[in-house]
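The values are calculated or read from the model by the stated rules, or taken from the named source; none is laboratory data. Here the structure is a predicted model, which is why all the values come from computation and not from measurement. A quick note on method: Cβ atoms are made from the backbone with ideal geometry, for glycine too, and the neighbour counts reach across all protein chains shown. For accessibility, only protein heavy atoms count, side chains too; no ligands or nucleic acids. Shrake-Rupley method; radii C 1.70, N 1.55, O 1.52, S 1.80 Å.
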Amino acid sequence: MKKMLPLLAPLGLLAALVAFLVEDDASVRSRILGPVLAFALGYAVPRVSAEIWVLLTGRLGGKRKLLVTIGTGRVVAEAVLGGVLVQLRPFPTALHVFWTIASGRLVRLRLWLSAVLLTAGPAALAWWLWNSGQRHAAAGIALALMSRIVTGLRDPYCFGSQLLRLPFRPSSVEPASESGHLATAALFQGRFSDAGAAAPHMRPTDNPGITRAKLALGAGRYAEAEQLARTELAEKQSPGLLVEIGLVVTSAVVCAGDSGELPRTNALPRLMAAVGMFDGDPRSVDVTVPAAIDLARWEGRPDDAVALGRKQRGLHMSRVWRAESSCALAAALGAVGRLDEAHEALSRARRECPELARTALVARQLDDWSAALPVEVR
C-alpha cells in the first residue's frame, strides 16, 4: 500500500485523460476535464507549499538551505547566493529546495512545528474546499498529504517522520554540524578543496563517509572512492544517500577502467553490476546516472553513448555529477572521432567542476584518440 500511494494520483489522472481523449461528446469532455484539473492542482498544493515554506523560513523552521532549483529541464542559469546554489531551468513547473537540518536551540521542536503547520494548512484548505463544493481539489490535497506522510515515515529528512516519529524519538534527527553543512554545500557547487577543508571536522552524524568517497573520486583515487562508497552502502538505508553512493561507485569503476587501474575485462562486469544497483525504470537510469553513458561506450555502442550524454546534459543538480556527465559525453564523442565536440564537452566539465580529476583523464583519452586518427597526406 505504501508503494502504491504515490501512484494513485498519476494513475487516476491517466485514466481520466484517456476517458477525455476517447469521448466524442464535448459536454462530457468538459465535465471530465474540470475535475481532473481541480484534482491535479489540489494534489500539487502540499508539495509546493512545503518547498515555499522551506525557502521562506529556512533556519526558523529548523532547516538550512543547500540548493534551490526553479523549474524543470536543463540548467540555463545558476549562481551562488548567500552560500546557496540557485538554479533556473526553462519549464516553470517545479520548485525544489534541498537542505540540511540546522543546528541551534530547540531545532527538533522547530522541525516538528513546521511539519504540523505544513499538515494543518493544506488540511484546512482541503476542508474548506470540500465544504465549498470543490471536492475534487479537496480530494487531491488529501491524497497528496496522505502520500507524503506514509511514504516518509522511515527517513528523518522526510515529512512523515518529522510529523509522527520526531515527538516520540527525538534522537532520530541529528542536526548537521557547521562543517557538515559547508562540506555538503561545497560538493553541490563543485568545490572539492573547500569540501576537503571542512570534511575532517564533520561529525559521525554528518555522513562523512560519503563525503570522503566523493573527495577521493574528485582527486582521482578511484579504488579508495569505490571502497569508501561500498562501506557506506552496507551501513546506510536512506534512499537519497543510496543514490549518491551508487553514483560514486559507478563513476569510480568507470574511471578505474579508463585509467587502466582496473582491466577492462574486470571493469565491465563490475560496472554492469553497479549500474544494476539503481532501482526503477532503466530509462530513468539512462538520464540520471553518468556511468550509463560509459557503459554504452564500453559495450561497443558509442552512438548510444553519445545520445545518452546529450539527454543528460545539464540535468544534474550537483555540479560534480554534471561534470561527470560531461566527461562521459566527451569520452563517447571521442570514441566516434568527433573530437571537436568532445573538447567542447570537456571544456563544459572543467567549467562545472575545475578540480575534478576525471577531466585530465578524459583529456589524455582524447589525445590518444587524436593521435590514432589517420593522417591525411596531400
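Quick one: would you say residue 209 is of a type outside the set (Val, Ile, Thr), touching a Ser or Thr at 6+ places or on another chain (Cβ under 9 Å) and in a loop (DSSP other than H, G, I, E, B)?
Here the answer is no, as residue 209 does not meet what is asked.
Any residue in segment 351-365 that's at positive phi: show its pairings with residues that are open to solvent by 20 Å² or more (accessible area, probe 1.4 Å) and of a type outside the set (S, T, N, Q) at Cβ separation under 8 Å, as long as the two are six or more apart or on different chains.
Note: no pairs meet the criteria.
Among (1) modelled with pLDDT of 95 or more; (2) open to solvent by less than 20 Å² (accessible area, probe 1.4 Å); (3) within 20 Å of residue 157 (Cβ to Cβ), which single condition is residue 190 missing?
(3)
Do you know which residues across segment 86-102 are within 28 Å of residue 41 (Cα to Cα) and hydrophobic (A, V, I, L, M, F, W, C)?
Within segment 86-102, 86, 88, 91, 94, 95, 97, 98, 99 qualify.
Looking at segment 325-336, which of the residues that are open to solvent by less than 20 Å² (accessible area, probe 1.4 Å) and over 21 Å from the mean Cα position of the chain (by Cα) is farthest from residue 258 (Cα to Cα)?
333
Considering only segment 108-141, how many residues are closer than 22 Å to residue 54 by Cβ, surrounded by fewer than 20 Cβ atoms within 10 Å (Cβ to Cβ) and touching a Gly at 6+ places or on another chain (Cβ under 9 Å)?
6
Would you pick out the residues in segment 66-79 that are part of a strand (DSSP E or B), open to solvent by 30 Å² or more (accessible area, probe 1.4 Å) and out of contact with any helix residue (DSSP H, G or I) (no Cβ under 9 Å at 6 or more places or on another chain)?
Result: 70, 72, 77, 79.
Determine whether residue 235 is open to solvent by 30 Å² or more (accessible area, probe 1.4 Å) and either within 18 Å of the chain's Cα centre (by Cα) or under 25 Å from residue 277 (Cβ atoms) (or both).
yes
Evaluate the following for residue 322: is it open to solvent by 10 Å² or more (accessible area, probe 1.4 Å), in contact with a His (Cβ under 6 Å, 6 or more places away or on another chain) and modelled with pLDDT of 95 or more?
yes
Would you say residue 257 is open to solvent by less than 60 Å² (accessible area, probe 1.4 Å), without any contact (Cβ under 8 Å) to a residue 12 or more places away in the chain, within 26 Å of residue 211 (Cα to Cα) and not aliphatic (A, V, I, L, M)?
no
Quickly run through segment 337-350 and pick out the residues that are open to solvent by less than 50 Å² (accessible area, probe 1.4 Å) and either more than 22 Å from residue 76 (Cβ to Cβ) or at pLDDT below 95 (or both).
337, 339, 342
Tell me whether segment 49-64 contains one or more residues that are among the basic types (Lys, Arg), in a strand (DSSP E or B) and either closer than 30 Å to residue 173 by Cα or modelled with pLDDT under 85 (or both).
Yes - at least one qualifying residue is present in segment 49-64.
Tell me the helices (runs of 4 or more DSSP H) entirely within segment 83-175 that contain at least 2 residues that are among the aliphatic types (A, V, I, L, M), more than 23 Å from residue 62 (Cα to Cα) and at pLDDT 85 or above.
Fully inside segment 83-175 and qualifying: 107-131, 135-151.
Out of the residues in segment 268-316 that are in contact (Cβ under 8 Å) with a residue 24 or more places away in the chain and over 21 Å from residue 326 (Cβ atoms), state the one that is most open to solvent (accessible area, probe 1.4 Å).
277
Quick check on this structure: which one of 187, 233, 241 is in contact (Cβ under 8 Å) with a residue 60 or more places away in the chain, among the aliphatic types (A, V, I, L, M) and part of a helix (DSSP H, G or I)?
187
Among all residue pairs at least 6 apart or on different chains, which show Cβ distances below 6 Å where the first residue, located in segment 152-171, is basic (Lys, Arg) and the second is surrounded by fewer than 19 Cβ atoms within 10 Å (Cβ to Cβ)?
Close Cβ pairs satisfying both conditions: 165/172.
Taking the stated definitions as given, is residue 362 open to solvent by less than 20 Å² (accessible area, probe 1.4 Å), β-branched (Val, Ile, Thr) and over 30 Å from residue 66 (Cα atoms)?
Considered against the rule, which asks whether it is open to solvent by less than 20 Å² (accessible area, probe 1.4 Å), β-branched (Val, Ile, Thr) and over 30 Å from residue 66 (Cα atoms), residue 362 comes out as no.
Looking at (1) closer than 11 Å to residue 101 by Cβ; (2) in contact with a Pro (Cβ under 7 Å, 6 or more places away or on another chain); (3) open to solvent by 10 Å² or more (accessible area, probe 1.4 Å), which one does residue 151 not meet, given that it meets all the others?
If we test residue 151 against (1) closer than 11 Å to residue 101 by Cβ; (2) in contact with a Pro (Cβ under 7 Å, 6 or more places away or on another chain); (3) open to solvent by 10 Å² or more (accessible area, probe 1.4 Å), just (1) comes out false.
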